[in-house]
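The values are calculated or read from the model by the stated rules, or taken from the named source; none is laboratory data. These numbers were taken from a predicted model, which means no experiment stands behind them. Cβ sites come from the backbone with ideal geometry, for glycine too, and all protein chains shown count toward neighbours. Please note that ligands, DNA and RNA were not included when accessible areas were found on the heavy atoms of the full protein model with its side chains. Shrake-Rupley method; radii C 1.70, N 1.55, O 1.52, S 1.80 Å.
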Amino acid sequence: VDIQGYFYPRFTAKCAQSDLVGTWQTWVAETNAGYSTCQLSIDSTGNVGGGQCLTDVGDFPVSRGAFEIDQNCIVGGFITIGGFDNAFTGSLSKTRSFITGIGEDIATGAYSTFTATKY
């Protein structure tokens, strides 16, 4: 019996690739190229099965993409929107199914911040 009532802290659960599975609504706030919202479907291997991005200049298809996650819940990958590859790196919260990070349009070099919520 622990008479002092001390609880040992629990370690946070590590993230797995399967934590990415599902449909994600992504909001991208670009610092010098407007904004966009995207709906992405990600499978258990991290492949983006497609989606759409609505930007301030039009509606563009997501043609491909891939995401990987390490044990420290760091997410890396890219999505191709309207023919342009966008690289992303960020962190995943398992409890909220939430990703935050930074993206870069590889073609233009425009950096952006993004958030993504799984639903």
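Here are the numbers for the structure shown:
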{"item": "Yes/no for Ile106 being farther than 18 Å from Trp24 by Cα and surrounded by 13 or more Cβ atoms within 10 Å (Cβ to Cβ)", "result": "yes"}
{"item": "Single residue of Gly58, Gly103, Gly90 found to be over 18 Å from Gly22 (Cα atoms) and within 11 Å of the chain's Cα centre (by Cα)", "result": "Gly103"}
{"item": "Single residue of Gly58, Gly22 found to be at pLDDT below 90 and either open to solvent by 70 Å² or more (accessible area, probe 1.4 Å) or not hydrophobic (A, V, I, L, M, F, W, C) (or both)", "result": "Gly58"}
{"item": "Residue list for region 74-98, restricted to those being in contact (Cβ under 8 Å) with a residue 60 or more places away in the chain and on the phi > 0 side of the Ramachandran plot", "result": "Ser97"}
{"item": "Number of the condition not met by Ala116 [criteria: (1) open to solvent by 70 Å² or more (accessible area, probe 1.4 Å); (2) under 15 Å from Tyr35 (Cβ atoms); (3) hydrophobic (A, V, I, L, M, F, W, C); (4) touching a strand residue (DSSP E or B) at 6+ places or on another chain (Cβ under 6 Å)]", "result": "(1)"}
{"item": "Test: Asn47 is over 20 Å from Asp105 (Cβ atoms) and surrounded by 15 or more Cβ atoms within 10 Å (Cβ to Cβ)", "result": "yes"}
{"item": "Residues within region 81-100 that are surrounded by fewer than 18 Cβ atoms within 10 Å (Cβ to Cβ) and in a strand (DSSP E or B), tallied", "result": "8"}
{"item": "Count of residues meeting criterion [at pLDDT below 85, on the phi > 0 side of the Ramachandran plot and part of a strand (DSSP E or B)] in region 27-55", "result": "1"}
{"item": "Gly65 assigned to a strand (DSSP E or B), at pLDDT below 85 and open to solvent by less than 20 Å² (accessible area, probe 1.4 Å)", "result": "no"}
